[in-house]
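Visitor: The structure that follows is given in the form of structure tokens.
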Amino acid sequence: MESILKDQIETMIHAAHEAGRDMLYEHEVYGILHTMGIHVPRHVLVTSADTITRELLHAIGGPKLVMKIVSSAVTHKESAGGVRMVHADPDFVRYTFEKMTAAFEEMGVPVEGVLITERVDYNPELGNEILLGFRESETFGPILSFSKGGSDAEFFAKHFSPPNLILAPVDRSWTSALLESSHIYEKFKARGRETDVSRIVDAGVAFSNLAVAFSTTFDHGTRYVITEFEVNPLVFSEDGRFVAIDGFARFEKRGALPDLAIAPKETMTPFFEPNGIAVVGISTSDNAKPGNIITANLIRMERDDIFCVNPRGGTLSIEGHELPIHTSLEDIDAPVDLAIITVPAGATLPVVRECAKKGVKAAILIPGGFAELDKNRDLEDEIAAIAKEAGFRLIGPNCLGIIYEGSEGKKGLNTFFIPEDKFSVSMEQENKVAILSQSGALGIIEIDNLKNAISPKVIVSYGNQIDVDPCDLVTHFQDDDRVNVIGCYIEGFKPHAGRKFFNAVQASNKPVIVYKAGRTEEGRKATESHTASIAGEYAVARAAIKQAGAIVADTMVDHGDFIKTFALMNDFTVSGNRVAIIANAGYEKTYAADNLGKLVIADFDEATLDALRAIIPPMVEANPLLDLTPMADDAIFEKSIEIMLKSPDVDALMVSIVPQSALIHTTDEEIRTNPDNIAARIIRLVHKYKKPVAVSVNVVSRADAVYNELGRTLDAGGVPTYLTANRAMVCLNAFINHRLTRNHAQPLSDRLKG
């Protein structure tokens, strides 16, 4: 935004601040909009009935006028009875002025005057009135909102179509994508209203510039932050104007500019490749205590740089080893890069001070009982201050810490204090996945569910984010060749950390799959405006994460399935979105076709159709939705799959198997004893052609059936397998759409949709 415009707008805001307000009156919003080049109704603020003359009303124009009460205590003027439609007769307007002001004054509501505006005539059909606004999210900064406008905007957003959101700043391409991702856009496109689309985009860019110029997140030299700014509605008038009818804004004095810098990646290395690990809080009598279990885990990972700490000293006997117990960190006569603190919350502060004196580079705070309890909220702040001053990083508290496979020449580590007989992680698979979870339990469950398909390279349970948060972790692993896919479970962000996470994901060249919990939480600053009330923090987070290029999982099932899909198909080629479907049951074929999403059915050429006709049963029709029926055996399945994968018309394939068919080898016994079973054939073909393939093994009603080995074999062989055709299609959609959008084969609006 040009400096002269910023100065003019800031002067208007400053005048309101000097008057003791934190909100702008509608005519002041009109002033800002006019400065930005957006049409507003002709209007005048009247503070006395004596100033209402025929000449004044004639200057506004029109046979009818709108009168609106002006009061800092009234936000929703219409519902409060503060809006009247009147004839442009001076006597009647003066009479209405007196009645309106007297009514509010009798209720004890302070009145500054009445705003008289022209009545803007327009057709209120869908698309002719829109809501455009922004609010300052404490977590993400300025977020633009676009939706249907009018008096029923909230009802429409709740029951029909939620607002379309995008993080500012945005240019014309992103603003166009915001509009194109909305349902309203379809009507503009159908009616050929390209000019109107361009006018909305222009307004969106102007709103973005205003939001950024007066935001806590960016330093543009302004003294104020606009926390909410909304026009509802902006309308296409009958005389051809694009006019802002009603406006609302709130502001506050600017505070300190947030630090959005992500710490250098090398500050994270001591968590994963430490030289010297101290476990503080060892029990001399109970090896079931967290510190002892962690020590046992580290011994099993063949580490020889473990130091046990307990003020009582002594010796620890564990896992066939005798380890000396040091009385303090300073008692250790060797370097210690990483301290794992397992003492109760109330005893952590002296240990953290010892970490500072010892010169540790990183610490993991295992115990809970910190910011989850109000009484210990200050304790977190004090610990964070000590670590920052001493220059070491912290993970936790209230976490399980890290499981890390290690790297060439470096031993791994495991701080998850869970006995090996209850939870263990296989590192044998070659699928390179990082699981970054605010909840340790979630990481455990998800990895256990995925154990047949993937072996994580690293799991991090980071807890309360006293220091290290998902921004640090995504940044650390995005350049790690041992990680291809990053999965994040996030319960919440600290102030401004959402914007940092947005920046980290946007910079990542790897798929980042995010489940954001807390979807019912409303934004803490959701006050009077529609923009705030219909776009709570979950909606903002979801929109921002999608805009950054992450894959958003709407359920935890999606999260696990997406991680598996992206990991197993990481090196597959995505050329387009044409999909073919093979099933041995008609209902599964239909189920898949009903869940195409952004995929389209392939259109086979005659060569492909002829090849299919030569091998399929005579009662089967050759087409891209191929129902082989229960008459197909392993060989027919295999040949059909290869014909489709060879076809230049097919970009992806979904294979659905109802395993009860007598002619295919699907039982656990058949999988074990027949090396050329259906799973082995599919695995060979998938890795031969490297096109995205998802398999549905439909045993959802028989989870204890004798077909479990079929799914396990496919997963372990690198072919993502699901229990229903719906799940397979959802995951194919997510993978293919992400790849095409990233490669600019899909429009930006596809990133914002859904």
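Visitor: Tell me the relative contact order for segment 627-729 as a rounded percent, counting alpha carbon contacts under 8 Å between residues six or more apart.
Guide: Relative contact order, segment 627-729: 30 percent.
Visitor: Could you state the number of Å between the C-alpha centres of segment 234-272 and segment 23-99?
Guide: Value for the Cα centre distance between the two parts: 30 Å.
Visitor: I'd like the antiparallel share, as a percent to the nearest 5, of DSSP beta bridges with both residues in the chain.
Guide: So the antiparallel bridges amount to about 50 percent of the total.
Visitor: Per 10 Å bin from zero, what fraction in whole % of the C-alpha pairs of segment 266-321 is there, up to the bin with the longest pair?
Guide: Per 10 Å bin, starting at zero, the Cα-Cα P(r) for segment 266-321 comes out as 23, 54, 20, 3 percent.
Visitor: Considering only DSSP beta bridges with both partners in segment 254-390, what is the antiparallel share in %, to the nearest 5?
Guide: Counting only bridges with both partners in segment 254-390, antiparallel ones make up about 25 percent.
Visitor: Can you sort T51, T475 by 1.4 Å-probe accessible area, starting with the largest?
Guide: Reading off the accessible areas and sorting them downward yields T51, T475.
Visitor: Rg/Rh for segment 636-676 to two decimals, with Rh computed the Kirkwood way over all alpha-carbon pairs.
Guide: Reported Rg/Rh (Cα atoms, Kirkwood Rh): 1.06.
Visitor: Calculate, for the chain, the solvent-accessible area per residue in square angstrom, rolling a 1.4 angstrom probe over the heavy atoms of the protein chains.
Guide: About 41 Å² of surface per residue is accessible.
Visitor: Ordered by residue, what ³J(HN,Hα) values in Hz, to whole numbers, does segment 68-75 give under the Karplus form 6.51 cos²θ - 1.76 cosθ + 1.60, where θ = phi - 60° and Gly and Pro are x?
Guide: Values per residue, Gly and Pro as x: 10, 5, 10, 8, 5, 9, 10, 9 Hz.
Visitor: Might you work out the accessible area of R681 for me, using a 1.4 Å probe with all protein chains in place, and round it to the nearest 10 Å²?
Guide: In the full protein context, R681 sits at about 40 Å².
Visitor: Sticking with this one: Please report the accessible area of K148 (heavy atoms, 1.4 Å probe, ligands and nucleic acids excluded) in Å², nearest 10.
Guide: Only protein atoms counted, so the area is about 20 Å².
Visitor: Something else: Using a 1.4 angstrom probe on the protein heavy atoms only, line up D554, D378 by accessible area, largest first.
Guide: My answer, sorted largest first, is D378, D554.
Visitor: With unit charges on the beta carbon (Lys/Arg positive, Asp/Glu negative), name the residue among F207, G127, H183 whose Cα is farthest towards the positive pole of the charge dipole of segment 99-238.
Guide: Most positive-ward Cα: H183.
Visitor: Does segment 558-677 come out rounded, prolate or oblate, given a ≥ b ≥ c as the square roots of the eigenvalues of its C-alpha gyration tensor, rounded meaning a/c under 1.5 and, failing that, prolate meaning a/b above b/c?
Guide: Oblate, because a/c is 1.5 or more while a/b does not exceed b/c.
Visitor: I would also like to ask the following. Can you give the FRET efficiency for R191 and V83, using 1/(1 + (r/R0)^6), R0 = 35 Å, r = Cβ-Cβ distance, to the nearest 0.05?
Guide: 0.70
Visitor: Please find the FRET efficiency linking E330 to A507, where r is the Cβ-Cβ separation and R0 is fixed at 41 Å, and quote it to the nearest 0.05. Please report the intermediate quantities before stating the final value.
Guide: Values: r = 40 Å, r/R0 = 0.97.
Working from the Cβ atoms, E equals 0.55.
Visitor: Could you give each residue of segment 432-438 its phi-based ³J(HN,Hα) in whole Hz, using Karplus coefficients 6.51, -1.76, 1.60 with θ = phi - 60°, and x for Gly or Pro?
Guide: Result, ordered by residue: 9, 10, 10, 10, 10, 10, 5 Hz.
Visitor: Please list Y185, Y722, Y591 in order of solvent-accessible area, largest first, computed with a 1.4 Å probe with all protein chains present.
Guide: Y591, Y185, Y722
Visitor: Find the relative contact order for the chain and round it to a whole percent, using C-alpha pairs within less than 8 Å whose residues are 6+ positions apart.
Guide: Values: 1545 pairs, mean separation 70.2, N = 754.
Result for the chain is 9 percent.
Visitor: If you don't mind, another one. In terms of the ratio Rg/(2.2 N^0.38 Å) built on C-alpha atoms, what value belongs to segment 185-244?
Guide: 1.42
Visitor: Tell me the carbon and sulfur percent of the accessible area for the chain, rounded to whole percent, probe radius 1.4 Å.
Guide: Roughly 50 percent of what the probe reaches on the chain is carbon or sulfur.
Visitor: Against the empirical 2.2 N^0.38 Å scaling, what ratio does the C-alpha Rg of the chain come to?
Guide: Ratio of Cα Rg to 2.2 N^0.38 Å: 1.15.
Visitor: Tell me whether segment 282-349 comes out rounded, prolate or oblate; compute the Cα gyration tensor, take square roots of the eigenvalues as a ≥ b ≥ c, and use a/c under 1.5 as the rounded threshold. Don't skip to the end; give the middle numbers.
Guide: On the way: a/c = 1.39, a/b = 1.16, b/c = 1.20.
Because its axes are fairly even, with a/c under 1.5, segment 282-349 counts as rounded.
Visitor: Which whole-number percent is the relative contact order of segment 309-352 (Cα, under 8 Å, 6+ apart)?
Guide: 28 percent
Visitor: Does segment 313-448 classify as rounded, prolate or oblate by the C-alpha gyration tensor (a ≥ b ≥ c root eigenvalues; a/c under 1.5 gives rounded; else a/b over b/c gives prolate, otherwise oblate)?
Guide: Verdict is oblate for segment 313-448.
Visitor: At 7 Å along the Cα-to-beta-carbon direction for both L260 and E2, put a label point, then send me their distance in nm to one decimal.
Guide: About 2.5 nm, to one decimal.
Visitor: Rolling a 1.4 angstrom probe over the protein chains, ignoring ligands and nucleic acids, what is the accessible area of M85 in square angstrom, nearest 10?
Guide: Estimated to the nearest 10 Å², M85 gives 110 Å².
Visitor: May I pose another question? Restricting to DSSP H runs of at least four residues, report the calculated mean residue ellipticity at 222 nm for the chain, -39500 (n - 2.57) per run over all residues, nearest 500 deg cm²/dmol.
Guide: Calculated at 222 nm, the ellipticity per residue is -10500 deg cm²/dmol.
The values are calculated or read from the model by the stated rules, or taken from the named source; none is laboratory data. Note that this is a predicted model, so its numbers are computed, not measured. All Cβ positions, even for glycine, are placed from backbone atoms using ideal geometry, and neighbour counts span all protein chains on display. With ligands, DNA and RNA removed, areas are computed over all heavy atoms of the protein, side chains included. Shrake-Rupley method; radii C 1.70, N 1.55, O 1.52, S 1.80 Å.
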